[in-house]
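Here is the structure we will look at, set down as structure tokens.
The values are calculated or read from the model by the stated rules, or taken from the named source; none is laboratory data. Computed from a predicted structure; not experimentally measured. Using ideal geometry, Cβ is built from the backbone for each residue, glycine included, and neighbour counts are taken over all protein chains shown. Accessible surface areas use protein heavy atoms only, side chains included; no ligands, DNA or RNA. Shrake-Rupley method; radii C 1.70, N 1.55, O 1.52, S 1.80 Å.
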Amino acid sequence: MPLRIINYDGTEYGKQVRNKDQKERYPVITLVLYFGQGHWKAPKDLHSRLKMPEEVKKYVSNYEINEMGYLTPEQVDLFNSDFKVVAEYFMHLVQGTEYNREGQELHHADEVLDLLHVMTGDDRFEEMQKEARQKKEEGETIMKNWILDEAEERGIIKGEARGEANGRRKAWASSIRHM
């Protein structure tokens with residue numbers, strides 16, 4: 001993975017260099033989203049991936065991967081864009097902690113929801129994306145707490161329906177045993 005990150009980052013920096021109209025350069029931050037159990041077990045930095053004498057290491061840049069779900073709250077707070085919502089979502093998901101519902105206006109709700117849908121495979125984000133587009137067309141401000149409330153409400157409805165179906169199955173099975 002560190003070797004892939006060098007390629008991704010280098011490609012992005014190369015685009016910046018080739019863009020003659022771009023006067024300032026911006027940092028490229030690559031985050032790895034890993035859905036396995038626990039922390040990433042493979043090498044997380046280039047030095048761990050390469051065989052080299054110790055005295056050479058100080059001359060070799062050490063590209064290290066950042067596991068998005070394992071960012072600290074302080075690291076997540078450094079994000080100023082809508083991406084902060086994505087980082088917070090995965091941080092809380094991995095840590096099993098409750099997601100803070102403070103309001104934060106989303107400037108690119110459509111893109112945030114699309115990214116969450118692609119990264120999680122959860123179709124609820126795609127459904128919320130349609131609702132977010134409608135809200136935007138109506139001139140409403142989209143806040144991150146709306147996204148969270150929607151996701152939670154859908155989860156509650158789904159859980160209640162599953163519980164009711166489970167209860168009906170148990171009642172049916174019980175009635176058969178008493179026959």
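The figures follow:
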item: Qualifying residue in region 77-95 (condition: farther than 22 Å from Leu31 by Cβ, at pLDDT below 85 and open to solvent by less than 40 Å² (accessible area, probe 1.4 Å)); result: no
item: Selection count where residues are farther than 22 Å from Met1 by Cβ and outside any loop (DSSP other than H, G, I, E, B), scope region 33-58; result: 3
item: Residues that are open to solvent by 80 Å² or more (accessible area, probe 1.4 Å) and under 18 Å from Tyr8 (Cα atoms), drawn from region 49-76; result: Arg49, Tyr63, Glu64
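Residue-by-condition table, conditions (1) closer than 14 Å to Met68 by Cβ; (2) open to solvent by 60 Å² or more (accessible area, probe 1.4 Å); (3) in contact with a Lys or Arg (Cβ under 7 Å, 6 or more places away or on another chain); (4) free of Cβ contacts under 8 Å to residues at least 60 places away in the same chain:
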{"site": "Ile6", "(1), (2), (3), (4)": "no, no, no, yes"}
{"site": "Lys15", "(1), (2), (3), (4)": "no, yes, no, yes"}
{"site": "Lys41", "(1), (2), (3), (4)": "no, yes, no, yes"}
{"site": "His47", "(1), (2), (3), (4)": "no, no, yes, yes"}
